[in-house]
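Heads up, the thing below is written out as structure tokens.
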Amino acid sequence: MNIVILLGAPGSGKGTVAGKLASENANLKHVSSGDLLRGAVAKGTDAGREAKGYMESGNLVPDALIARMIKDVVAETTGDVTMLLDGFPRNLAQAKILEEMGAPVKGAILIDVPDAIIQDRIAGRRTCPRCKAGYHVKNLPPKVEGVCDHCGAELVVRKDDNPETVRDRLVVYHRETEPLIAFYRDKGQLKSVVGTDPIDTVAASFLDAMKD
Ligand code: AP5
């Protein structure tokens with residue numbers, strides 16, 4: 001097993017690209033910290049109850065809380081698999097935690113999208129609460145409006161996808177997460193893809209960047 005980290009602002013397309021590539025390649029596994037946390041909130045676990053307020057206000061949940069979840073997923077993933085790790089690490093402290101776990105990080109790939117595009121991306125996002133598939137009302141619409149193509153569930157708007165919270169998430173991204181770009185660049189482990197191309201092109205560029 002090895003790990004490729006997806007870096008990029010909220011709404012840059014991390015989940016879309018990782019979900020598409022994992023559905024098309026049996027040896028790729030998409031692990032999203034946001035989906036793990038939203039799952040815990042939906043189930044009402046202790047971790048979910050603790051995470052809820054942070055997530056709804058656009059802040060990061062405590063490092064130890066999300067690190068425990070990631071540690072479990074890393075431990076249970078074996079064999080000839082590349083994990084596409086989406087949303088973790090989210091700050092330098094989490095990058096150090098990942099190193100201390102001995103996680104086999106192969107590299108990090110930045111999906112580069114300017115802030116000006118982010119609000120439109122997120123305003124149009126619709127998410128399947130059951131199978132986690134992601135859509136966009138204009139850029140990636142479902143076949144039937146409001147219904148998931150894969151499992152038929154009714155699509156929802158994420159609670160943190162309102163314009164005010166998105167502004168706050170971008171501030172948190174620039175302050176906490178952006179320093180990871182220099183962190184992985186300094187290690188010689190960073191690649192970058194243009195995130196403003198059509199989804200299929202971004203996914204193809206990402207797959208290319210995964211090759212050595
Ligand atoms: P998380 O779920 O990780 O949210 P995020 O990083 O803000 O990322 P998003 O899911 O919003 O965006 P994305 O890049 O996946 O974009 P998507 O592919 O959907 O985290 C949520 C919260 O959980 C955080 O705020 C925090 O509270 C907590 N959390 C999570 N991880 C944590 C951690 N490690 N530590 C602490 N707290 C943590 O695309 C967006 C839209 O654009 C979609 O509608 C899509 O269809 C469309 N789109 C995508 N690509 C394209 C394209 N190329 N062209 C046109 N449209 C596109």
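With the simple model of a label 7 Å out from the Cα in the direction of the Cβ, R185 to E56 spans 3.8 nm. Give me the Kirkwood hydrodynamic radius of the stretch 1-107, using the inverse of the mean 1/r over all pairs of distinct Cα atoms, in Å to one decimal. Hydrodynamic radius (Kirkwood, Cα pairs) of the stretch 1-107 is 14.2 Å. Scanning the chain for trypsin sites (Lys or Arg not before Pro) that sit in a DSSP loop and have at most 15 other Cβ atoms within 10 Å, the longest stretch containing none of them is 1-129. Most mobile of G134, G188, G146 per a Gaussian network model of the chain (Cα springs, under 10 Å)? Top of the fluctuation ranking is G188.
Over the stretch 165-212, the Kirkwood radius and the radius of gyration, each from Cα atoms, give a ratio Rg/Rh of 1.06.
Counted over the chain with a bin width of 5 Å, the fraction of Cα pairs per bin, in whole percents, is 1, 7, 15, 20, 22, 19, 11, 4, 1, 0. Neighbour counts of C-beta atoms inside 10 Å place M69, M1, M83 in the sequence M1, M69, M83, starting with the fewest. Counting other Cβ atoms within 10 Å as a rough exposure proxy, the listed residues D161, D149 run D149, D161 from fewest neighbours to most.
Taking neighbour Cβ counts within 10 Å as the exposure measure, how do S192, S33, S12, S57 sort from fewest upward?
Details: S192 16, S33 21, S12 24, S57 13.
Listed from fewest to most nearby Cβ atoms, that is S57, S192, S33, S12.
With each run of n ≥ 4 DSSP H residues scored as -39500 (n - 2.57), what mean residue ellipticity at 222 nm is computed for the chain after dividing by its residue count and rounding to the nearest 500 deg cm²/dmol? Please list the in-between numbers first.
Numbers: 9 runs with 95 residues, N = 212.
Value at 222 nm, helices only: -13500 deg cm²/dmol.
Within the stretch 42-149, the GluC sites (Glu not before Pro) that combine a DSSP coil assignment with at most 15 other C-beta atoms in a 10 angstrom radius are E145.
Find out how many positive minus negative residues lie around A47, taking Lys and Arg as positive, Asp and Glu as negative, among other residues whose Cβ is under 14 Å from that of A47. Numbers along the way, then the final one.
Details: positive: R38, K43, R49, K52, R68, K71; negative: D35, D46, E50, D63, D72.
Result for the local shell: +1.
Starting from 0.36 nm per residue, how many nanometres of slack lie between A153 and A64 once their C-alpha separation is accounted for? Working shown, then result.
Working: separation 89, 0.36 × 89 = 32.04 nm, distance 3.25 nm.
Extra length from A153 to A64 when fully extended: 28.8 nm.
Simple point charges give the picture: +1 on the Cβ of Lys and Arg, -1 on the Cβ of Asp and Glu, and for the stretch 28-160 a dipole about the Cα centre of about 300 debye. Projected over all directions and averaged, the alpha-carbon convex hull of the stretch 122-192 occupies 6.3 nm².
For a modelled paramagnetic label at E76, 7 Å from Cα along Cα-to-Cβ, the residues of the stretch 11-38 in reach, with backbone nitrogen under 20 Å, are 19, 22-23, 26-38.
Quick note: the coordinates plus some simple rules give every number you see, no bench work behind them. Treat the numbers as computed from the prediction; the structure is a model and nothing was measured. A quick note on method: Cβ atoms are made from the backbone with ideal geometry, for glycine too, and the neighbour counts reach across all protein chains shown.
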